[in-house]
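These notes concern the structure reproduced below.
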Amino acid sequence: MGLSTFEGGIHPPEHKELAEHSAIVEAKAPSRAIIPLSQHIGAPCESIVEIGKEVKKGEVVGNPGGFVSAPVHSSVSGKVIAIGDFPASNGRMVPSVVIENDSKEEWAPLKDDPDYMSRNADELREMIKNAGIVGLGGATFPSHVKLSPPKEKPIDAVIINGAECEPYLTADHRLMVESPKEVVEGLKIVMKVLGVKKGYIGIESNKPDAARIMSEAVAGESNIEVHVLQVKYPQGAEKMLIKSILDREVPAGGLPMDIGVVVHNVGTALAIYEACRFGKPIIERIVTVTGKGIKEPKNLKVRIGTPVSQLIEEAGGFIDDGPVKVIIGGPMMGFAQYSLDVPVTKGTSGVIAMTSDEYEPTEKFGPCIRCGRCIDICPMGLMPSMLSLFSEKGFYEDCKEYNLFDCFECGSCTYVCPSKRPIVQFVRLAKSMVKP
Ligand code: SF4
Ligand code: SF4
């Protein structure tokens, strides 16, 4: 029997060999941590500190601005030296708190609780919320919101997403290999919060060591299954993962909870465990620093707020010829950078420095030649060609007829287009011009 998968999708070169065997190492704490007040989908936080205030590691510096929001914490101990707009990896200026590290590493008081599983669902959810946990796979949706489905949407399955289908990235792979028990504990907490009896862990078959180690970690847990999935992009997108593992389809415009499913990334599961077990907020994450433009590709445990330039130094710096492009996130869905002075945030899964071997700049794109390749591979069954044509001509409203908002910007259509049409950019433009 073939491995589980979904319709459509593509097979870009993986390049995972650059960092997949590199064990996670702790990066140096930054001398100045830049903590953006918006690191998640939803309302930005409001700063609760002022310039000159001494803060501890793990202390809240920004309170959530609504239910769909998540607090932000200091990743160092030290003094607040600035509050203002600073460049972020999404190309925008984002209100941020800057903390000068005093190197004392003094923690704010944490609520250690070895007996965390005896807490009730509301208490566990509150601990997750207070820890500022958001989807660490890159989506950055606040985790407590996913764990608060309305009563009319009962959940019967939780999936932990270990697909890591973006080329180059290996942070989730290493987490599964190095911290399997903690990931499973995170899954069990999510299952308890949601009152769910069945848990799944989805892993692409290009990570056989992670699949074996996670299978060993769930041995004896009759209600948790590890599913090995076909290697295909975007296997790790929530809707594709649910189709591959459970053969359920999220309706157009709907959410996984509409079909009884909640999905969390492996890094998020580990963060959930650490929040409930140790009371630890999200102040660090694993980041893959890789690409042929990097001398020593690595998986680093990095404090939130560390400048990306520091990570590049810790990975040996750029090769002598330098990269032609630096991307934060994966190469398919990440953002190209014009400055390396942006901070790592909760959603930073990777920093990729590409050489001319890996990336060929295209100055011009051509007309749509109606080849249909983008339609064949769109995992959502959309017509990307029509979305790009309407958006290009400024007929943004017409894009809605072609289910504009079902596009989750995976980039597969742009990847296969022989005319090099920037279809995702056209989609983003149309989305910004019309209301859902
Ligand atoms: S239209 Fe959207 S969902 Fe479909 S392939 Fe393109 S980016 Fe992916
Ligand atoms: S792949 Fe490009 S050229 Fe082919 S139909 Fe789609 S947009 Fe047109």
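Just so you know, all these numbers are worked out from the coordinates, no wet-lab data involved. Since the structure is predicted, the reported quantities are computational estimates derived from the model, not experimental observations. Every residue, glycine among them, receives a Cβ derived from its backbone with ideal geometry; neighbour counts consider all protein chains shown.
Could you give the size of the charge dipole of the chain about its Cα centre, using +1 on the Cβ of each K and R and -1 on the Cβ of each D and E, expressed in debye and rounded to the nearest 20?
It works out to roughly 620 debye.
Kindly provide the helix-only [θ] at 222 nm of the chain, computed as the sum of -39,500 (n - 2.57) over DSSP H runs of four or more divided by all residues, to the nearest 500 deg cm²/dmol?
The helix-only estimate for the chain comes to -7000 deg cm²/dmol at 222 nm.
Report for the chain the percent antiparallel among DSSP-assigned beta bridges with both residues inside it, nearest 5.
Of the beta bridges lying entirely in the chain, close to 60 percent run antiparallel.
What is the distance in Å between the Cα centres of segment 309-330 and segment 108-185?
30 Å
Need the full-extension length gain, E225 to A252, defined as separation in residues times 0.36 nm minus the C-alpha distance. One decimal, nm.
7.0 nm
Report relative contact order for segment 258-369 in percent, whole number only (criteria: Cα-Cα under 8 Å, sequence separation at least 6).
Once normalised by length, the contact order is 27 percent.
Once Rh for the chain is found with the Kirkwood sum over Cα pairs, what is the Stokes-Einstein diffusion coefficient at 10 °C and 1.306 mPa s, in µm²/s?
Value of D from the Cα-based Kirkwood radius: 71 µm²/s.
Would you mind calculating the relative contact order of the chain from Cα pairs under 8 angstrom and at least 6 residues apart, reporting the percent as a whole number?
Reported as a whole number, the value is 19 percent.
Report, ordered by chain and residue number, the lysines lying within cross-link reach of K435, taken as a straight Cα distance under 23 Å and ignoring same-chain residues fewer than 8 apart.
The reachable lysines, counting only those whose Cα sits under 23 Å from K435, are K239, K393, K400.
Of all DSSP beta bridges in segment 133-278, what percent run antiparallel (nearest 5)?
5 percent
Taking Cα pairs under 8 Å and at least six residues apart, what relative contact order does segment 192-327 come out at, in percent?
13 percent
Place +1 on the Cβ of every Lys and Arg and -1 on the Cβ of every Asp and Glu in the chain, take the dipole about the Cα centre, and give the residue among S205, A43, A88 whose Cα lies farthest towards its positive end.
Toward the positive end, the furthest listed residue is A43.
Is the shape of segment 133-278 best called rounded, prolate or oblate, per the rule: a/c under 1.5 gives rounded, else a/b larger than b/c gives prolate, else oblate, with a ≥ b ≥ c the square roots of the Cα gyration tensor eigenvalues?
Verdict is rounded for segment 133-278.
Which residue fluctuates the most in the chain, going by a Gaussian network model with Cα springs under 10 Å, if the choices are P281, P323, P142?
Largest GNM mean-square fluctuation: P323.
Looking at segment 162-267, which trypsin sites (Lys or Arg not before Pro) are DSSP coil and have at most 12 other C-beta atoms within 10 Å of their C-beta?
Listed in order of number, the matching sites are K197.
Which of the residue pairs K151/K192; K188/K232; K207/K298; K57/K301; K53/K111 have a Cα-Cα distance greater than 19 Å in the structure shown?
Going by Cα-Cα distance, K188/K232; K53/K111 fall outside the 19 Å limit.
Return, ordered by residue number, the residues of segment 357-384 whose backbone nitrogen is under 12 Å from a label point located 7 Å along Cα→Cβ of V434.
none
Of K420, K57, K292, which has the largest mean-square fluctuation in a 10 Å C-alpha GNM of the chain?
Result for the chain, Cα springs under 10 Å: K420 fluctuates most.
Could you name the aspartates and glutamates whose alpha carbon sits less than 19 Å from that of K56, not counting residues in the same chain fewer than 8 places away?
The reachable aspartates and glutamates, counting only those whose Cα sits under 19 Å from K56, are E46, E100, D102, E105, E106, D112, E274, E284.
Could you pull out every Cys in the chain that lacks a partner Cys with its beta carbon under 4.7 Å away?
Within the chain, the cysteines lacking a partner Cβ under 4.7 Å are C45, C165, C276, C368, C371, C378, C399, C407, C410, C417.
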